Every structure is written in C-alpha cells, then in structure tokens.
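The values are calculated or read from the model by the stated rules, or taken from the named source; none is laboratory data. The shown structure was predicted, so the numbers you read here are calculated from the model rather than taken from an experiment. Methodologically, a virtual Cβ is constructed for each residue, glycine included, from the backbone with ideal geometry; neighbour enumeration extends over all protein chains shown.
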Amino acid sequence: MYTVALIGCGRISFKHIEGFVKNSDVMKLIAVCDPLTERAEEKATEYKKNIPDSEVKIYSDYKQMLSELSPDIVTIATESGIHPEIAITALEAGSHVICEKPMALSTRDADAMNEAAHKIGRKLAVCFQNRFNAPVQKLRTALEAGRFGKLFHGMIQVRWNRNDAYYAEAPWRGTWEMDGGTLMNQCTHGIDLLQWMMGEDAVRVQAQTRRFIRPIEAEDFGAAIVEFRNGSVGIIEGSADIYPKNLNETLSVFGEKGSVVIGGIAVNKLETWRFSDADTIGDNEEKVLNPNEKDPPTVYGFGHAALFRDFVDAITENREPLVPGEKGKKALEIILAIYRSQKTGMPVDLPCDFSTLEMMEYFEK
C-alpha cells in the first residue's frame, strides 16, 4: 500500500480524490495541502465519505507536510506556474510525483524536473489522463499494429467555452506567469494526443494566436501546423470562445490505409473507424461505433483513476509510467514553439528553448 498526498485543492482536485478512491486497494491518502485550509478540509471530507475511518491530515505548507509525513507519492494540482518548484521539492524529499498538466511553463523548468527525477531515482508522471480513454486506447492499438500504413496527417480541435466568470474565479488563470492561455491550459491534453499519435517527434511549428474577447493576458484562440520527423503533419485548432458552451474536443488521424475520428466533449466518442483490413480484423464501423455513447459529466473525463493505477504499477514493476516527464514535455514544447512562432512571425524548429514569460505584455502592444 502506497501513501499519497495531494498538493493543491482547487478546480481539478476532485478528480485526484476520485482517483485515490478508485485505487484504494493500492494507495492511501494521508494528507491534503492547500494555502486555503478550508479547501483542503473539503477534499479530506470528500475522501472520507468514500473511505470511512481514514485519517487525512490537513496542511497549508507543503514543505512541512513532506518533512513530517514523507509520502510515497505526491500528486500536484496547483497553479501551473509553481509546478516545477513543488515537484522538485517533493522529488528531493523522496516522493514519486504525479503532476497536473502542463508540467511547467518553460522548457528549462521541465528539464529541471526530469533531471531531478532521474538524479533522485523517483518516478515523475504528467496528468494526461485522456490517453486512457477507451477510444484513444483503441486508436493507439491500431496505430501500433501498423493498420494505418503511412501516416498522412492528424488534427486536434478543442472548441470550448471559458467565460469571464471562469477567469475571475482564479486571477492566475490566463496569465503568462502562472498559466499561459487556451493552448497551454485547455488544449494541452489534445496536443499531447496529437503528437503521441503522429510519431511524437515534432520538428517544426508555424502558428497564429489571438486574444479575441477574454479578459486575460494570454491567448483565447490558437491555430498551428506541426511537422513531424516521419513526414506527417498535425493541425491544431483551439478556442475558449465558442458560443455559448463547450462544443467538442476531436482528434482525427488519417493514413494510407485508415481513418479514425474520436469526438465528443472530451475525445470520448468514436465517430469514424475505417481500415482497409476491417473485414479481416472484424471491426468495421457497424460493429465498433456506438452512436448512443454519452459524454462524461465534465471535460476531465474518467482517466485519472487509470493514470494513477498505471503510475503505481510503474513503481511496483520498476518501469516507466505511460506518461513520464520526458513524454509530458513534448506537448509543452509544441505549445511554447507556437508562442514563439506568434511572437517572431516565423516558423520555429524544435527543440526550442522558450518560456511563457517571454510573452509578457505581448497582446498589450
């Protein structure tokens, strides 16, 4: 049984509690930490409702918590801008770390996190839980089996709404110092899926971003073309301005022998499944598609529990988790390259060294 502690008890933290509860046979929550202790108390109560007789300590200082309890695993769900500091401190204290996306807001901070994990000999994973969605896993299996043949192009569309009230709720949202914009916050999951399916090695990015209407420092819309080392092309479209509510998050992958589209509110519905070998495999569209599939209640889906289980198994089996820090950095680097392309007006080759701080006051000019 692994002990676990949660640092950060804001908007996404309920999914961490859900993940702890669903994995209660292998992990036990022993502490929750937030500068606003009432929020930490709420999460402790939430956990205890599902796991009676559990003892969960409340902290406002994560360093004190790490010193006093030395949890086996720490999950981080704070503002993005402080992920690196907390993750490195937790790793150096001897804990394995699961960090919410994005893992950092600069390539240098991401590298520092990965270096710390390797130096200390602890696991570091990034919360890209949509990799565990059933349709996404089915797509990945087909890809690894070579059913697409040569990959041509793929696309991620994130067409959501984040209104003014969302940003007013937490002033750090949409800032270059603590968050970045729609691409970094809302679209990073989809960008991770796109690069994962298209060969992982992005080599060039061209982009346009805009701040159309939201009261933030960063972008509320972004579009980009990503070239991959294998010759395939990725297309990114992300918006927080869709009227009047979330519309879809859709991943499309096209190759010489296959076409797959996964849509729904959060890449959860298989909409197209066409392969040249479908009759041989026995999984043509009529058998595979479920038009009555329902969207999850939130855009976060149900993948946190599966990601947490994979992480625990990775520790036990001494292997890499599905999304280790090095893999988690890949989506971050694409987004930072998009920002750099917007700032310079030029294509950007990867790898690139960039930070959201280099975009400070960009849209004010």
For this session: Report yes if Asp279 is surrounded by fewer than 20 Cβ atoms within 10 Å (Cβ to Cβ) and not in a loop (DSSP other than H, G, I, E, B), otherwise no.
Result: yes
Exercise. Are there any pairs, at least 6 apart or on different chains, whose C-beta atoms fall under 7 Å, with the first in the stretch 193-204 and surrounded by fewer than 24 Cβ atoms within 10 Å (Cβ to Cβ) and the second part of a helix (DSSP H, G or I) and small (Gly, Ala, Ser), and if so, which?
Worked result: Gln195/Ala331
Exercise. Identify, please: which residue in the stretch 289-310 is in contact (Cβ under 8 Å) with a residue 60 or more places away in the chain and either in contact with a Leu (Cβ under 8 Å, 6 or more places away or on another chain) or not in a loop (DSSP other than H, G, I, E, B) (or both) and is, among those, surrounded by the most Cβ atoms within 10 Å (Cβ to Cβ)?
Worked result: Phe308
Problem set entry | Selection count, the stretch 208-227, where residues are over 10 Å from Gly174 (Cα atoms), in contact (Cβ under 8 Å) with a residue 24 or more places away in the chain and among the small types (Gly, Ala, Ser) | 2
For this session: Please state which one of Cys9, Cys99 is surrounded by 21 or more Cβ atoms within 10 Å (Cβ to Cβ), closer than 23 Å to Ser355 by Cβ and assigned by TED's automatic domain parsing to the domain that holds Val126.
Result: Cys99
Problem set entry | Residue, surrounded by the most Cβ atoms within 10 Å (Cβ to Cβ), within the stretch 32-82, restricted to residues that are among the acidic types (Asp, Glu) and within 28 Å of Ser106 (Cβ to Cβ) | Asp34
For this session: Could you give me the residue pairs with C-beta distances under 8 Å whose first residue belongs to the stretch 162-191 and is assigned by TED's automatic domain parsing to the domain that holds Val267 and more than 21 Å from Val126 (Cβ to Cβ), whose second residue is among the β-branched types (Val, Ile, Thr) and in a helix (DSSP H, G or I) wherever it lies, and which are 6+ apart or on separate chains?
Result: Arg162/Thr182
Seminar exercise, completed: Going through (1) assigned to a loop (DSSP other than H, G, I, E, B); (2) over 23 Å from Tyr300 (Cα atoms); (3) of a type outside the set (Val, Ile, Thr) one by one, Glu38 fails only at (1)
Seminar exercise, completed: Checked Ala110, Ala93 against criteria (in contact with a helix residue (DSSP H, G or I) (Cβ under 7 Å, 6 or more places away or on another chain) and over 23 Å from Ala170 (Cβ atoms)); the one match is Ala93
Exercise. Limited to the stretch 289-313, what total is found for residues that are of a type in the set (A, V, I, L, M, F, W, C), more than 14 Å from Asn23 (Cα to Cα) and out of contact with any Ser or Thr (no Cβ under 9 Å at 6 or more places or on another chain)?
Worked result: 1
